[in-house]
1. Could you go through segment 618-628 and let me know if any residue there is crowded, with 17+ Cβ neighbours inside 10 Å, farther than 30 Å from L468 by Cα and over 32 Å from the mean Cα position of the chain (by Cα).
2. With the requirement that a residue be part of a helix (DSSP H, G or I) and of a type in the set (S, T, Y), what does segment 615-674 give you?
3. Looking only at segment 349-373, count every residue that is touching a Leu at 6+ places or on another chain (Cβ under 9 Å), closer than 21 Å to E422 by Cα and among the aliphatic types (A, V, I, L, M) and tell me the total.
4. I'm trying to understand the selection: among the residues of segment 256-286, which are touching a Pro at 6+ places or on another chain (Cβ under 8 Å), among the hydroxyl-bearing types (S, T, Y) and in a loop (DSSP other than H, G, I, E, B)?
5. Filter segment 575-604 down to the residues that are crowded, with 17+ Cβ neighbours inside 10 Å and assigned to a loop (DSSP other than H, G, I, E, B) and list them by number.
6. So which pairs qualify, if the first residue must be in segment 596-611 and farther than 15 Å from T635 by Cβ, the second must be of a type in the set (S, T, Y) and at pLDDT 95 or above, the Cβ gap must be under 9 Å, and the two must be at least 6 apart or on different chains?
7. With the condition kept exactly as written, say whether any residue in segment 289-300 is in a loop (DSSP other than H, G, I, E, B), over 24 Å from D320 (Cα atoms) and of a type outside the set (G, A, S).
8. Taking the options R124, R112, name whichever one is at pLDDT 95 or above, among the basic types (K, R) and under 30 Å from E378 (Cβ atoms).
Amino acid sequence: MRKWKTNSPDDRLARELTEKCDLSLTALRLLTARGSQDLDDVSEMFGANGFQDPFIIADMQQAVDTINEYIDSFDLICVYGDYDCDGITATALLYSYLESMGANVIYHINEREEGYGMNIDAVRRLADKGVKLIVTVDNGISCVDEAEEIYSLGMKLVITDHHAVPEQLPRAEAVVDLHRPDCPSEYKELAGVGVALMLCAAMDGGDFEAVVEQYADLCAIGTVGDLVPLTGENRSLVQKGLLYLPNTERYGLLALMEQAVSDKNKLSTESLGFQICPRINAAGRLASPMIALKALLSEDPAEAEELVGEMCSLNQQRKDIEAKIMEEIKSTIDERPELLNDRVLVIAGEGWHHGVIGIVSAKVMDLYSKPSLIISIENGEARGSARSVKGFNIHKCLTHCKELLTKFGGHECAGGFSLLPENIEAFRLKVQEFAAQFPMMPATSTECDMQATAADLELEAVRSLDRLQPFGVDNAQPMYMMSACTVNAIYPLSGGKHTKLDVTCDNCRVQALVFSKSPESLFFSVGDKIDIAAVPSVNQFNGRESVNVRAADMKPAGMDTEKYFAARDSYEKLRNGTELPAAYLRKMTPSRNELVYLYKLISQLHEVTLDDLFMRINNTAFNYCKLRLSVDIFTEAGLARFRAAEQAVTILPPNGKADLMSTPTMKMLAGALN
């Protein structure tokens, strides 16, 4: 279950804006629902002013002058990048540009084991190779000690980065980071590869035409891969990249598109984010980022194809490793189901691959609607990766626990940390201590842009939303709230693996696709009314176009998800020993009739998750806490099996008469009420 939120458009403003721009009323309603307050906001979102003068960026002129000096002297320059998709594409971009300018240039990227940012041992090796100037991309802003080592070895440094700026800047000839407090640039959200492209444009005298045409393909991939907002200049760069990618001359990108996407002429941010970027990242996660970098730079099609094949193989290995870790996490939860009563999940395991636990942490958070910290123990060290939702600042949480950590960093929704294995349990308790200060914990959410009307579901209205592409961070695919939809028909797809619904919303009949759910697993039947969080699209079949939607989420019509999470929170507090008011206890204690009703309902189903069961019941008197306690009672009485990791319950064959009133849970509730 996720919390649902539906934004409200400003219809009056949207109608006014239709007279000032060529966007449709539906598109403008959606933009006002996302916060646009005037034409300037709309123009800024579209990057209508093009690219800013790169020389506005602090230290850009110094960076250009320094690099040109070393190009002219033919002294050895090293482009020093990072091992993720952004860093790899940024390295390829700047290296290719400098090489085309006649520079004596090499590249270096740390292996993941060496850690993020510049590494002093690597710096010394570069000095031994005769490097005279290091230019960083996508890193360097926090490398104060490494910078001093560079200068002590007789080299110089230019930093280009996009990460948060510390109080002390490293020693360098130039520090190009748009987040510097003294940087007057208007747009601050570029990825590392975007900053690298700005540097190349500055070296071209401020002219973007040539560098965008030559490098927008790399820039688009790195920008999408780094999950920066797709607004303003990022939006423009990605648009250009998607335009140029099908005709790229880079053998590595051609091989990637051949092996990873179904049609290179129908590329989107989705195909970059889910097909291209993971294969680039897989090299740095599981083997060496040099595999991906060399593929992007290769001038031999056979070599590029072989390297990309290796990247695809590594990506499959990454998926297999993720699946194995998820299985072990679920086994841990089944062995220790009480872990799910924590407000924040802290789960540790032996030998989990450090390169993928961040992805696993995000999956665990999404599965259980809670912030997640996943820890791998290996060689006497515990390293963790955290993912959170807006409203629960994971960096502040880690700061609260800093006396137990040897290292940590991050921001509101993601972080990394290290600690001694013997401190893991104390760390888990300390995390819960921080979480206890929240009256109600934030949870994962389904956010709809606006309530859909029949006009919004018309073919031309849906087609007009394409003008808002490319979609990504801060410019998500449009999502409608289709409320109180009547279910007219339910059809199986792909042998029952997926489902198609025929629904009526606001007197408009629409086909809704539900992926990864069979018709039998749905909580509703024909004739029921449901709410759908719907991603609209234009479907083409046999030369005809029609509107259909992808159901991103569904719930019974009008269900208040805030009450669901409030009840879940009450259950967890009760199980963790918190004394609750008698009024709460009375509302969550099931009657005998309610237990009989629930037992019969579960018996009709082979196995059902608690969320699906809750939505099937759809009765405000049967709150989630009452449901959860009822399942505990059945389990204690030997009437049911509950799989904690899957949150799924199954009724067991009868084995004698069960006394529900004598179960520990019923006794506990009765005792608390007396």
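1. The first filter runs over segment 618-628 and keeps only residues crowded, with 17+ Cβ neighbours inside 10 Å, leaving 622-628.
With farther than 30 Å from L468 by Cα added as a condition, the list becomes 622-628.
From the residues that got through so far, the ones that are over 32 Å from the mean Cα position of the chain (by Cα) too are 622, 626.
The answer is yes; a qualifying residue exists.
2. We begin by selecting, within segment 615-674, every residue part of a helix (DSSP H, G or I); these are 615-617, 624-636, 660-662, 664-673.
Those that are part of a helix (DSSP H, G or I) and of a type in the set (S, T, Y): Y624, S630, T635, S662, T665.
3. Residues meeting the conditions: 1.
4. If the condition is that a residue be touching a Pro at 6+ places or on another chain (Cβ under 8 Å), among the hydroxyl-bearing types (S, T, Y) and in a loop (DSSP other than H, G, I, E, B), then S268 is the only one that fits.
5. The answer is T589, P590.
6. L605/T650; H606/T650; D611/Y564; D611/Y624
7. To start, the set of residues in segment 289-300 that are in a loop (DSSP other than H, G, I, E, B) comprises 298-300.
Now drop any that are not over 24 Å from D320 (Cα atoms), which leaves 298-300.
Then keep just the ones that are of a type outside the set (G, A, S); that gives 299-300.
Checked against the condition, which is being in a loop (DSSP other than H, G, I, E, B), over 24 Å from D320 (Cα atoms) and of a type outside the set (G, A, S), segment 289-300 yields at least one hit.
8. On the way: R112 fails: at pLDDT 95 or above.
Result of the check over R124, R112: R124.
The values are calculated or read from the model by the stated rules, or taken from the named source; none is laboratory data. Quick caveat: nothing in here was measured; it's all calculated off a predicted structure. Cβ sites come from the backbone with ideal geometry, for glycine too, and all protein chains shown count toward neighbours.
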